[in-house]
Amino acid sequence: MKAGDTIGCKEINKTFVIDEVIMGIAHFEWDSKQFQLGVRELIMLGYEVVKETSPINALFKRHYNAIVKRGLIDKNTTTNEFHDKLHEELDELNDVWTCKEEFVKEATDCIHVLVNMLIHEGVDIEKELIKNIEHNETRKD
């Protein structure tokens with residue numbers, strides 16, 4: 001385990017990004033407090049230790065965690081709530097269609113809503129993006 005790896009606790013649907021590991025001790029933040037625990041202790045406490053190998057997954061998970069921290073997503077958030085949020089963001093996108101700066105911001109918000117929904121459902125974003133790209137590269141239509 002090294003800095004940048006993630007650990008997650010299924011019980012509370014929480015993932016932590018490890019800040020650094022010094023002599024087998026993982027340093028991470030939870031609820032704005034710094035923690036230091038050994039990997040073995042984390043596993044004994046019920047945490048699933050996950051090595052995050054994809055920079056894109058780590059980036060998207062960072063955004064997801066920021067939204068969770070703001071209280072906008074929790075373990076009870078439903079697909080319908082993500083759907084409603086996406087429609088809200090699409091409406092905002094339509095309102096700023098002619099202003100490039102605002103358009104980029106709202107388009108990015110739409111992307112994040114979709115990605116957050118997939119992360120919430122346990123989807124490996126990078127894996128699915130690669131599958132989609134490969135599918136489109138070989139399409140005959």
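Given a cut-off of under 8 Å on Cα pairs at least six residues apart, what relative contact order in percent is computed for the stretch 69-141?
Details: 27 pairs, mean separation 17.8, N = 73.
After rounding, I find 24 percent.
Choose one of Thr98, Val123, Gly71: the residue whose Cα lies farthest towards the positive end of the charge dipole of the stretch 69-141 (beta-carbon charges +1 Lys, Arg; -1 Asp, Glu; about the Cα centre).
Val123
Quick one: of Lys69/Lys105; Lys85/Lys105; Lys61/Lys85; Lys69/Lys131; Lys61/Lys127, which pairs are farther than 23 Å apart, Cα to Cα? Intermediate results must be reported in sequence, preceding the final value.
Numbers: Lys69/Lys105 21 Å; Lys85/Lys105 15 Å; Lys61/Lys85 18 Å; Lys69/Lys131 30 Å; Lys61/Lys127 14 Å.
In this structure, Lys69/Lys131 lie more than 23 Å apart at Cα.
What order, most packed first, do the peptides 85-92, 134-141 have when packing is the mean number of other Cβ atoms within 10 Å of each residue?
On the way: 85-92: 15.4, 134-141: 6.6.
Averaged packing, sorted descending, gives the order 85-92, 134-141.
Send over the semi-axes of the stretch 63-141's equivalent ellipsoid, whole angstrom and largest first, taken as the square roots of 5 times the C-alpha gyration tensor eigenvalues.
On the way: eigenvalues 107, 86, 24 Å².
So the three semi-axes of the stretch 63-141 are 23, 21, 11 Å.
I need the phi-derived Karplus couplings for the stretch 111-127: 6.51 cos²θ - 1.76 cosθ + 1.60, θ = phi - 60°, integer Hz, Gly and Pro marked x.
Going residue by residue, I get 4, 5, 4, 5, 5, 4, 5, 5, 4, 4, 8, x, 7, 7, 4, 4, 4 Hz, with x marking Gly and Pro.
Here, each number is a calculation from the coordinates, and none is a lab measurement. Remember, predicted model here, so these are calculated numbers, not experimental data. Cβ sites come from the backbone with ideal geometry, for glycine too, and all protein chains shown count toward neighbours.
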